[in-house]
Amino acid sequence: MKLALRKIRLVVHLLYGMWVVATRFARVTAQQRLELNRAWSLRFLQLAGMRLVVHNDGARIDEGALVVSNHISWIDIYVINAWRPTRFVSKAEVRKWPVVGWLAEQLGTVFLQREKRSDAKRIMHELSEHLVAGHVICVFPEGTTTDGRELLPFHANLFQAAVSASRPVQPVCIYYEDAHGNQSTAPSYIDEMSLGESLDTLLRGTPLTAHVYVCDALAPGAERRALAADAQVAIEGALDRLRPVGARVRQAAARGQAEQDAEVPHAGDTPAANGPLAQ
């Protein structure tokens with residue numbers, strides 16, 4: 001199917017989503033809204049040439065949990081909503097995006113003005129209230145998107161909401177796989193890439209599989225830095241499990257070579273006692 005036609009179908013589906021939210025959400029229960037959101041998100045992934053596979057879903061917490069995930073693309077939101085609809089914390093700029101911004105606002109997204117430090121207290125208070133009320137909130141603690149191959153250090157600030165509300169943290173890992181079983185960077189939305197360029201790259205990279213690995217929840221009680229560190233370890237472990245065996249072997253070999261190179265004396269190093277310069 002031609003790229004232009006696929007993009008038109010996605011736009012039509014976005015407009016349909018606006019119609020559903022505007023005409024049906026006020027007349028249905030909260031649970032039915034979640035079901036409508038999930039069905040719409042699954043269809044969006046299908047139209048984008050992507051299928052969803054969920055791992056370890058038995059660990060999922062459906063009430064009062066702070067979900068934290070690695071962040072690769074704008075489509076991560078639809079992947080997570082296709083798994084388990086949730087509220088998100090997003091940068092304030094998203095609110096201005098056509099169609100998508102309106103939908104995000106209507107679905108309860110909490111918008112963060114990252115350039116204003118004073119906004120952090122408001123966000124923490126609002127997130128804590130949502131968690132105490134039993135809502136599930138999703139944040140991306142890396143603070144930006146990556147190509148998905150490695151994690152950036154997690155910012156601990158947003159974990160304070162779970163600490164203040166005494167609610168668990170649920171790490172989840174997103175991983176995109178191409179038709180050959182290798183990790184795909186086609187969905188990544190990074191650097192100076194525009195939304196349109198990102199969409200074109202994603203559609204050209206299909207068919208894709210979006211994997212969601214649900215990690216075991218972190219119990220409340222720890223302080224925010226400990227929670228951030230434990231969540232990062234959990235997601236790194238899930239990412240390693242989702243990578244193809246061949247990729248893991250290559251990475252292990254590369255790490256071994258790096259360690260071996262680190263042991264080779266450089267100019268100015270003291271030669272080892274059993275080295276070629278030993279007398």
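Read-outs throughout are calculated quantities, based only on the coordinates presented, and are distinct from any laboratory measurement. What you see is a predicted model, and the numbers here were worked out from it, not measured in a lab. All Cβ positions, even for glycine, are placed from backbone atoms using ideal geometry, and neighbour counts span all protein chains on display.
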(request) Could you work out how far apart the two model spin labels at Ile8 and Ala179 are, taking each label as a point 7 Å from the Cα in the direction of the beta carbon, and quote it in nm? (result) 2.3
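For Thr144 and Arg95 in the same chain, what is the full-extension length gain: residue separation times 0.36 nm, less their Cα-Cα distance, in nm? Could the numbers behind the result be given before it?
Details: separation 49, 0.36 × 49 = 17.64 nm, distance 1.66 nm.
Gain in length upon complete extension: 16.0 nm.
What is the ratio of the Cα radius of gyration of segment 1-137 to 2.2 N^0.38 Å, with N the residue count, to two decimals?
Numbers: Rg = 15.6 Å, N = 137, 2.2 N^0.38 = 14.3 Å.
So the Cα radius of gyration is 1.09 times the expected 2.2 N^0.38 Å.
For an R0 of 41 angstrom, estimate the FRET efficiency from the Cβ-Cβ distance between Thr29 and Ala226 and round to the nearest 0.05.
Details: r = 37 Å, r/R0 = 0.91.
Calculated transfer efficiency: 0.65.
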(request) Output the direction-averaged projected area (hull surface divided by four) of the convex hull of the alpha-carbon atoms of segment 5-80, in nm². (result) 6.2
(message) Suppose the chain between Asp57 and Val132 were pulled fully straight at 0.36 nm per residue; how much longer would it get relative to their current alpha carbon spacing?
(response) 24.7 nm
(request) Find which of Ala217, Asn70, Val94 sits farthest along the positive direction of the dipole of segment 3-253, computed with +1 on the beta-carbon of Lys and Arg, -1 on that of Asp and Glu, about the Cα centre. (result) Val94
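If each residue's Cβ is checked for other Cβ atoms within 10 Å, how do Ser194, Ser164 rank with the fewest at the top?
Working: Ser194 9, Ser164 17.
By the 10 Å Cβ count, ascending, the order reads Ser194, Ser164.
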(request) Mind putting together the pair-distance distribution for segment 151-215? All Cα pairs, 5 Å bins, whole percent per bin, short to long. (result) 4, 14, 17, 17, 16, 13, 10, 7, 2
(request) Please report, in whole Å, how far the alpha carbons of segment 3-253 spread along each principal axis, starting with the longest. (result) 55, 48, 37
